[in-house]
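Colleague: Would you mind keeping the following structure in view while I ask a few things?
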Amino acid sequence: MNMAGFRMLLVVLFAGTTLSACSFFAPFTTCEGTESAVAKLNGLPALQLRPERATPLDREPAAQAQCTEDSGDAYLTAGRLYSYDGSREEVLDYYGREAPAAGWHPIHRLDTGPDGRIAVFCFESDKRPSITLAFESPEYLHEFYGAEPGPAPGGPGSRIWFSWSTEAASDGSRMDC
């Protein structure tokens, strides 16, 4: 097909779909009207789970719920960012016990992950959004959250940082890991 024929085909397709009020393309979603779905996602009971010595990094964990429009589609997120004065193993042990008790089960074996890489663990529930546990680096926290988290793991007063978060479609429906 030559270039002029291709252009004519596009004009016919766009004109036909516009005039018929139908579209071959999937509709884009926006964040408009998602406030109640964001609030509901943020109130997910499993998001309240945290080890006893885990401290919200920004002292306002609920402020991390939002709707984001990305690449023509919208999705909801709610999360908690924590500083912890224990080990990754203690955090994994905690969520390995508490998440299943609340109805979320890990989809892979919980281990500490390879050194030097961020380990991400996902928990799923039958009818509720999945929840992700991720261990964050100080550099990541500084770059994406503007946070100054404090001493890095391994030194005096050292801490680890992790996020416990969930995502949902713009209507609040479940998304898999």
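The values are calculated or read from the model by the stated rules, or taken from the named source; none is laboratory data. Predicted, not measured: the structure shown is a model, and the values here were computed from it. Methodologically, a virtual Cβ is constructed for each residue, glycine included, from the backbone with ideal geometry; neighbour enumeration extends over all protein chains shown. Note: accessible area is taken over every heavy atom of the protein model, side chains too, but ligands, DNA and RNA are not part of it. Shrake-Rupley method; radii C 1.70, N 1.55, O 1.52, S 1.80 Å.
Colleague: For segment 62-92, how many residues meet the condition of being modelled with pLDDT under 85, crowded, with 18+ Cβ neighbours inside 10 Å and part of a loop (DSSP other than H, G, I, E, B)?
Modeller: 0
Colleague: Let me ask something else. Out of the residues in segment 93-111 meeting the condition of being hydrophobic (A, V, I, L, M, F, W, C) and open to solvent by less than 60 Å² (accessible area, probe 1.4 Å), tell me which one is farthest from Q66 (Cα to Cα).
Modeller: Filtering segment 93-111 for residues that are hydrophobic (A, V, I, L, M, F, W, C) and open to solvent by less than 60 Å² (accessible area, probe 1.4 Å), the one farthest from Q66 (Cα to Cα) comes out as L110.
Colleague: Do we have any residue at all in segment 117-128 that's in a loop (DSSP other than H, G, I, E, B), open to solvent by 20 Å² or more (accessible area, probe 1.4 Å), modelled with pLDDT under 65 and not polar (S, T, N, Q)?
Modeller: The answer is yes; a qualifying residue exists.
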